[in-house]
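Some notes on the structure that comes next.
Any read-out appearing in this document is the output of simple, stated calculations on the displayed coordinates, not a laboratory observation. These numbers come from a predicted model, not from an experiment. So basically every Cβ, Gly included, is an ideal-geometry build from the backbone, and we count neighbours across all protein chains shown.
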Amino acid sequence: MMKPKKIDALIGLGSIFEGFFQVNGILWIEGTFKGQQVSADQVYVAPEGEVYSEIKGGAVIVEGKVVGNIVGFNRVMLMPGSKIYGDITTPELITQKGVILEGKCTITQNV
């Protein structure tokens with residue numbers, strides 16, 4: 001996936017961020033996030049990115065690794081090569097070939 005032209009926050013390659021992270025706008029994760037929760041309007045986990053936390057976002061797109069639950073208020077997209085170890089709750093789930101998902105998926109409008 002191509003990096004969007006406008007990014008409001010970036011956890012860069014080689015960076016490690018721990019704690020609670022909330023962004024109004026687009027969050028791009030190339031590094032590692034460990035903590036309680038990451039939250040943004042749009043969350044992108046790049047192929048090199050690793051998240052050890054719950055993710056909440058309007059749209060969540062994963063190409064990297066997530067260990068934790070994902071809540072996508074509009075949609076969740078799992079791209080080829082992504083690895084998810086946790087549950088997903090969203091009204092729309094899009095998944096590509098080559099995804100590893102160990103968890104349950106709940107498709108609901110009540111997110």
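Summary table below
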| item | result |
| --- | --- |
| Among ILE55, MET77, ALA9 - extreme Cα towards positive end, dipole of region 9-107, charges at beta-carbon | MET77 |
| Total charge dipole magnitude, the chain, about the Cα centre, Cβ charges on Lys, Arg, Asp, Glu only, Debye to nearest 20 | 200 |
| Unit charges at the beta carbon, dipole of the chain: most positive-side option, GLY35, PRO91, ASN24 | PRO91 |
| Burial ordering of ILE100, ILE61, fewest other beta-carbon atoms within 10 Å first | ILE100, ILE61 |
| Length gained when the stretch ASN74-GLU18 is fully extended (0.36 nm per residue, less Cα-Cα span) | 17.6 nm |
| Assigned charges on the beta-carbon of Lys, Arg, Asp, Glu; region 18-60 dipole about Cα centre (debye) | 120 |
| Extension gain (nm, one decimal) between ASP41 and LYS5, 0.36 nm per residue minus Cα-Cα | 11.4 nm |
